[in-house]
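Have a look at the structure below, then the notes.
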Amino acid sequence: MSQTTFIPSQISRRKFLKSSAGVALFIGSSGLLSQLVSCKNEQQVKAIIEKQKLTAWVQMDTEGNVTIYNPAAEMGQGSMTSLPVIFAEEMDADWSRVEVVFSPQEAAIYGSEGWGPNQKVMLSAGSRVTNGYYNMLRRAGAQTRLLFLQAAAKKWEVPLEELATQPGEVVHKLSDKRVGYGDLVSSLIMPEELPEINEEQLKNPKDFRLIGTFVPRTDIPAKVDGSAQFAADIRLPDMLYGVYERGRIHGAVPTLKNETAILGLPGVIKVVSIDHAIGVIAKTIEQALSAKEQLNISWSNPKAKGFHSQDIYETYQKVAAGKQQGNVVVDKGDMKTAFKRARKTYAYDFKNDYVYHAQMEPLNSVVQIAEDKNSAEVWVGTQQGFDSKLGVPGVLGLAPENVNIHMQYLGGGFGRRSMTDFVTECALLAKEVVPSPVKLLWTRQDDLTYGAYRPLSLQRLEACIDAGGKLSGFSHMIVGNGDNLLASGIQNEHYDIENQHAELRIVPNETRLKHWRAVGHGPNKFAIEAMIDLVARDQGTDPVDFRRRLMQKSPRALATLEKAASMSRWGETLFEGRARGVSFLERSGTLSTGICEISLDRDSGKIKVHHFWTASDAGVIVQPDNVKAQIEGGIIMGMSSVLLEQITIVDGAVEQSNFNDYSILRMEDIPESIETALITSSNTPQGVGESGTPLVAGAIANAFLALTGKPLLHLPFTPKRVLEALNA
Amino acid sequence: MSVFSLHINGNKQEVEVSQGTPLLWVLREHLGLTGTKYGCGIGQCGSCTVHVDGLAIKACTIAVENVSQGQKIKTIEGLSQKGDHPLQLAWIEAQAPQCGYCQSGQIMQAASLLEANPHPTQQEIMSHMNGNLCRCGTYLRIIKAVKIASGGEISKEL
């Protein structure tokens, strides 16, 4: 299969189709639309695209080639393959003839309804892409297949019921006739009303040829020869380079002291002052970066000054102890009575520091405003969002339809690329040098120090055991800043605990925050799972047994626990100095149990993770190998954040600046193995991209507890903290 | 500004930039060899790994004047004619990349290992590759790919 390489100079913004060959089919939110248009008639294709609410479209030519326009971002999660696979499966396409290209960024056309009723949104986040598009792509694929069957039935004058499809062709067994889809393209007829496709007319999962099998990812060949194009790789004629200095403290307002000197530097074309930064536009990237270093800026004293991240826990503890109730997220049963009648109660505080996304491609974008200033072109790798034009129309005063977004591969997203600051900043530069295109580059230091972090929080957990030895009450209070960023994952729907309470107490500060892979699940599942083990251990119960009892009413959860326990041979005798820990969670509909095996260097305080086992129930697995890759990578990223990563803020300024002082996990520290099991089911696919990461903290903390008898209560588990915990 | 003459992927190319310009910017922004990536600018992540006279170096930390005296520079674009270097094929077989941004650097780093040591042990692979970061966490598959390319034994865990 050929890989589409995007060549900016050849792109006309009104060019919707790859070529004028064959026909175009349109997919709406409930399946195929009753329009079939020759691709020669580009005006009509365009008219339909602009008028109708479409999800995707497909171009089929007489050679049998199928081009599927993919609506989701590709940031390594495999959407560029998994979404087309779903459609191609039901259509019974010949996968070797399928090409996948990014669709234009028009939410009204391509948006998924997975984010809420009556709303079409293009957003690749929360592990919801496959889940959001699964049903509509299956229906549309099945309807497309039906069109080919009808065309063949007419051609051969045989009843439709006698026909079947093989990949890429219709077969009439009785007469041993077969015809390729390409040969039928010109005789396809669109009925006025397309037949509804009901559940029975969709393929039985046992007949899947693509879903559930190994389909190599379509984006990988270009990612091993350097040709995969990220936004940072865009080069356009007369392109200029932009950088910004944003200062060290969020909210500070800059005043440039040496504008004349900067404008006199080699290659410098413009200096641009915006609310939070001073920008420089130059002819080359090295000239822009050199000028940036020479900026002499005085900064206002912002509100964030005086904030010390590591001292804030003291304040949070006071808030946690205070009488002022926060936002109650879960209120089940009667906690007060449960605690009053308890045989034993437990209370622990857990903490987690700020964490940075550290996607490998620093933020960047390219913007070009047309000479007449009536339109703009944007090249960017984005996780998209509720505004699929990424804030650019507002900044430039343009109508949304006059801003054209050219989607590129993302060098990692993890939540950071669902913000648009790095796009609007570039538009503000491009505005100064119309019609030259400007490439804005954030250096790694910019990306880190002007990051938007996973929030720091304090988690106060209380639990009680009743007279019968049962976990009868569980209370979870989060204190921090970040509302929903803090709350995700606080629920325990798969643990049968009669009385539960969960509450959020917000203490605002100025730190920039954002979704970080799995959002609140990282800190919350750490606290919950570590708490469960602290109780189980004190009760003298094996942690897997303890969870078995809690999962009696959730057979799907229990199945993941049993599978992970059997894979790891839970309970077997381990080498001396080794111990195992277990954790369980639900994230984006996927249920997972993780078990890890660790050892500890008691002199340095360094934890070594030797093995990781996971078992997940994620519904239908569209691409098993890719799902495993997502879980493996998620666990590595989880280990990185749990063992190493920490952003600290002193007097409002981030202390770290690059990978020399913000470490992420390197190859020498990975486990010897990560084994992943996928529990098969025929349920709608659930999100897996974020399910591995938040398993790690609880599993490591619980293994540490088993090994040493001491709890680890503060993320990350740096060697220094581990030694403190050991000696506590 | 000075003119520098560079030998890149078997071709001689001239570029006019200031002395001190990192090779990374020359490759990417002046010559359009964008397979070599910018990740940190301080030699910590390895996304910009290229070969200079067969040795893997980080292009962000070396100035253009230090590689313009006839040194042979090889980038990911010059590793093979058709993307069919054994490591590139192994990378596809192992389905190693996710976002893919670091992978040019990973492959160039691995290529320099196999040129010096065609059958590395797992330990040798890990220590040679330790300077290349991958945020998607593809390390296990990278090890697997290097083993496939070097005919090494693939443990069942990988």
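Each value in this text was obtained by applying a stated rule to the coordinates, not by laboratory testing. This one's a predicted model, so the numbers in the text were calculated from it and none came from an experiment. Note: ideal-geometry Cβ built from the backbone for every residue, glycine included; neighbour counts use all protein chains shown.
When the helix-only estimate is applied to chain A (DSSP H runs of n ≥ 4, each -39,500 (n - 2.57), divided by the residue count), what is the mean residue ellipticity at 222 nm, nearest 500 deg cm²/dmol? Write down the numbers at each step before the final one.
Working: 20 runs with 200 residues, N = 728.
After summing the helix terms and dividing by residue count, I get -8000 deg cm²/dmol.
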Problem - Cα point-scatterer Debye curve for region B:80-142, base-10 log of I(q)/I(0) at q = 0.13 Å⁻¹ - result: -0.31
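Report the semi-axes of the equivalent ellipsoid for region A:236-304 in whole Å, largest first, where each axis is √(5λ) for an eigenvalue λ of the Cα gyration tensor.
Working: eigenvalues 106, 31, 15 Å².
The answer is 23, 12, 9 Å, longest axis first.
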Fill in the blank from the handout: B:Ser127 and A:Asp207 label points (each 7 Å along its Cα→Cβ direction) are spaced in nm at 5.8
Practice task
Work out the P(r) tail for region A:374-460: percent of alpha carbon pairs separated by more than 16 Å, whole number.
Solution key: 57
Handout entry: Whether region A:526-644 is rounded, prolate or oblate, judged on the alpha carbon gyration tensor where a/c under 1.5 counts as rounded
Key = oblate
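Please compute the average number of Cβ atoms from other chains found within 10 Å of each residue's Cβ in peptide B:18-28.
Working: counts 6, 0, 2, 6, 3, 0, 2, 6, 2, 0, 4.
Per-residue shielding by partner chains comes out at 3.
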Completion exercise
Note on chain A: alpha-carbon gyration tensor, axes a ≥ b ≥ c; rule is a/c under 1.5 for rounded, else prolate if a/b larger than b/c, else oblate; result oblate
Fill in the blank from the handout: With 0.36 nm assigned to each residue of separation and the Cα-Cα distance removed, A:Ser673 to A:Ala653 gains 3.3 nm
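Share of Cα-Cα pairs in region A:292-356 beyond 13 Å, in percent? Can you show the working numbers first?
Working: 1695 of 2080 pairs.
Here the tail beyond 13 Å accounts for 81 percent of pairs.
Go through region B:53-115 and name the trypsin sites (Lys or Arg not before Pro) that are in a DSSP coil and have 11 or fewer other Cβ atoms within 10 Å of their Cβ. Present the calculation step by step, with values, prior to reporting the outcome.
Values: sites: B:Lys58, B:Lys72, B:Lys74, B:Lys82; in loops: B:Lys82.
Passing sites in region B:53-115 are B:Lys82.
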Completion exercise
Simple spin-label estimate for A:Gln552/A:Glu42, 7 Å along Cα→Cβ, in nm, reads 6.8
Exercise for the section: Could you tally the net charge around A:Pro435, taking each other residue with its Cβ under 12 Å from the Cβ of A:Pro435, Lys/Arg +1 and Asp/Glu -1? Expected result: -3
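Taking neighbour Cβ counts within 10 Å as the exposure measure, how do A:Phe307, A:Phe474 sort from fewest upward? It would help to have the intermediate numbers written out before the result.
Numbers: A:Phe307 19, A:Phe474 28.
Fewest-to-most Cβ neighbours within 10 Å comes out as A:Phe307, A:Phe474.
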Exercise for the section: Give the Cα extents of region A:468-593 along the principal axes, in whole Å, largest first. Expected result: 50, 34, 29
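State whether region A:267-315 is rounded, prolate or oblate according to the following rule on the C-alpha gyration tensor (a ≥ b ≥ c being the square roots of its eigenvalues): a/c under 1.5 gives rounded; otherwise a/b larger than b/c gives prolate, and the remaining case gives oblate.
Working: a/c = 4.04, a/b = 2.74, b/c = 1.48.
Since a/c reaches 1.5 and a/b is larger than b/c, the shape of region A:267-315 is classed as prolate.
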Completion exercise
Each label sits 7 Å from Cα toward the beta-carbon; between A:Gln317 and A:Asp496 the label points are separated, in nm, by 3.8
Completion exercise
By Cβ neighbour count within 10 Å, fewest first, A:Phe704, A:Phe386 rank A:Phe386, A:Phe704
Handout entry: Karplus (6.51, -1.76, 1.60) ³J(HN,Hα), θ = phi - 60°, over region A:544-555, in Hz, Gly and Pro reported as x
Key = 6, 4, 4, 6, 3, 5, 5, 9, 4, 9, 10, x
Practice task
Using the 2.2 N^0.38 Å rule of thumb for compact globular proteins, work out how region A:615-664 stacks up: its C-alpha Rg over that value, please.
Solution key: 1.69
Fill in the blank from the handout: For region B:11-89, the Cα-Cα pair-distance distribution in 10 Å bins from 0, as whole percents, is 19, 54, 24, 2
Exercise for the section: State log₁₀ I(q)/I(0) for region A:121-227 at q = 0.11, 0.13, 0.15 Å⁻¹ as given by the Debye formula over alpha-carbon point scatterers of equal weight, solvent excluded. Expected result: -0.50, -0.66, -0.83
Problem - Whole-percent pair-distance distribution, where bins are 10 Å wide, for the alpha carbons of region A:204-340 - result: 9, 19, 16, 15, 18, 17, 6, 1
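So for B:His128, A:His610, fewest C-beta neighbours within 10 Å to most, what's the order? Could you put the intermediate results ahead of the total?
Values: B:His128 20, A:His610 16.
Arranged by neighbour count, lowest to highest, B:His128, A:His610 become A:His610, B:His128.
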Completion exercise
With the 8 Å Cα cutoff and a minimum separation of six or more residues, region A:142-219 has a relative contact order in percent of 28
Practice task
Taking the Cα centre of the protein assembly as shown as origin, sum charge times position over the Cβ atoms of Lys and Arg (+1) and Asp and Glu (-1), and report the length of that vector in debye to the nearest 20.
Solution key: 1140
Practice task
Would you please give the residues with an amide H less than 5 Å from that of A:Gly22, counting only those at least 5 places away or on a separate chain, with H modeled from the backbone geometry?
Solution key: A:Cys39, A:Thr62
Completion exercise
Note, region A:129-140: 3J(HN,Hα) by Karplus (6.51, -1.76, 1.60, θ = phi - 60°), whole Hz, Gly/Pro = x, goes 5, 4, 4, x, 9, 4, 5, 5, 6, 5, 4, 5
Practice task
Please give the average number of partner chain Cβ atoms lying within 10 Å of the Cβ of each residue in A:629-638, rounded to a whole number.
Solution key: 5
Fill in the blank from the handout: Relative to the compact-globule estimate 2.2 N^0.38 Å (N residues), the Cα gyration radius of region A:425-509 stands at a ratio of 1.89
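Can you tell me the dipole magnitude for region A:419-528 around its Cα centre, using point charges on the Cβ only (Lys, Arg +1; Asp, Glu -1), in Debye to the nearest 20? Please list the in-between numbers first.
Numbers: 11 positive and 13 negative charges, 70 e Å.
It works out to roughly 340 debye.
Per DSSP H run of at least 4 residues, take -39500 (n - 2.57); add these up for chain B, divide by its residues and hand me the 222 nm value, nearest 500 deg cm²/dmol. Let's see the in-between values first.
Numbers: 4 runs with 41 residues, N = 158.
Value at 222 nm, helices only: -7500 deg cm²/dmol.
Kirkwood Rh, region A:401-543, all Cα pairs: how many Å? Working shown, then result.
Details: mean 1/r = 0.0538 Å⁻¹.
It is 18.6 Å.
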Handout entry: Calculated diffusion of chain B, Stokes-Einstein form, Kirkwood radius summed over Cα pairs, 10 °C and 1.306 mPa s, µm²/s
Key = 100
Fill in the blank from the handout: Using alpha-carbon coordinates alone, the radius of gyration and Dmax of region A:640-708 in Å work out to 16.9, 53
